[in-house]
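Participant: Sharing a structure, written as C-alpha cells. Questions coming.
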Amino acid sequence: ETGVTQSPTHLIKTRGQQVTLRCSSQSGHNTVSWYQQALGQGPQFIFQYYREEENGRGNFPPRFSGLQFPNYSSELNVNALELDDSALYLCASSDGKAIGNEKLFFGSGTQLSVL
Amino acid sequence: GDSVTQMEGPVTLSEEAFLTINCTYTATGYPSLFWYVQYPGEGLQLLLKATKADDKGSNKGFEATYRKETTSFHLEKGSVQVSDSAVYFCALSDNFGNEKLTFGTGTRLTIIP
C-alpha cells in the first residue's frame, strides 16, 4: 500500500474527447509526477508538479495538462484524445526531499482506452 | 537524451535458478540508477537503487552494482522464487532538480515451481 490512489481504474473514451484522470497523494507529499505507460513499454515521464506549479515536462504535446491542488490531489487532463493515447497512466508522489527518488510512491494507475 | 536499455523478455526460469537481467544506460552527468518491480494489478515499487559509481543496491535477495565504466546496472538474484514473478524495470534519474525517471521497456519474469 503506497498511499497513492488513482481514479478511475479504467476508462473508455472515443477519439477527440477530453479526459480527466485523478490522483490522491499521501498527506505532506508536495510533488506529483505523471507517467504514460503504453502496452509492453516502460513508463514515460509526462510532467511533474511541485507546490502547484509545473516543474519539468517530458516530450508530450500541450494537450496534456495538469493541475495540483493544496489538498494533495492532482489531475491529468488530456484534450483531443488520439488512439495512441491508449495507455496506463501512473501518478507518483513524494515529499520533495527525495535523494535518488527513494521516497517516490506510485499509484496503481488508470487504464485509458481510446476507441 | 537519457536512455535505458534492458534485455528483452520474457524470461522464464525454474524456482531456485540464478537470475540476471541486463541493463545499460546512456546519460549525461552522474545519474542515479534504480530497479522497479511491477506485480500484476499493482503500481511500481522501488526494488533497489544506487546513487554513485560502484555502489551496490540490494533488497529481498536482489542486487545490482552501478558500473560507470560499462554504463551498466545488471539485476541479479542467486535463487529465485515463484513470488518473484513480475515485470522489472531499470530506470535512471538525472538528478537535475526534478524527480523525472527514464525507464527501460521492462522485462517480464516468470518463475516456474
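Participant: Counting only C-alpha contacts under 8 Å and six or more residues apart, can you give the relative contact order of chain B as a whole percent?
Facilitator: Details: 298 pairs, mean separation 41.1, N = 113.
It comes to 36 percent, rounded to a whole number.
Participant: What is the distance in Å between the Cα centres of region A:39-115 and region B:1-44?
Facilitator: One Cα centre to the other: 21 Å.
Participant: Let me ask you something else. Give, in whole angstrom and from largest to smallest, the semi-axes √(5λ) of the equivalent ellipsoid of chain B, with λ running over the eigenvalues of the Cα gyration tensor. Each step should come with its number before you reach the end.
Facilitator: Details: eigenvalues 114, 41, 28 Å².
Equivalent ellipsoid semi-axes, largest first: 24, 14, 12 Å.
Participant: Sticking with this structure for a sec: Check the straight Cα-Cα distances from residue A:13 and name the lysines below 29 Å, setting aside those fewer than 8 residues away within the same chain.
Facilitator: B:100
Participant: Here is a follow-up. Please identify the longest segment of chain A free of exposed trypsin sites (Lys or Arg not before Pro), where exposed means a DSSP state other than H, G, I, E or B and no more than 16 other Cβ atoms within 10 Å.
Facilitator: That gives A:16-50 as the longest site-free run.
Participant: Moving on. Under 20 Å Cα to Cα from residue B:52, which aspartates and glutamates show up? Leave out anything in the same chain fewer than 8 places away.
Facilitator: The reachable aspartates and glutamates, counting only those whose Cα sits under 20 Å from residue B:52, are A:102, B:2, B:63, B:69, B:76, B:94, B:99.
Participant: If the reach is capped at under 19 angstrom between alpha carbons, list the lysines near residue B:77, excluding any in the same chain fewer than eight residues apart.
Facilitator: Within reach: B:49, B:56, B:60.
None of the figures in this text is laboratory data; all of them are computed from the coordinates on show. No experiment lies behind these values; they were computed from the predicted model shown. Using ideal geometry, Cβ is built from the backbone for each residue, glycine included, and neighbour counts are taken over all protein chains shown.
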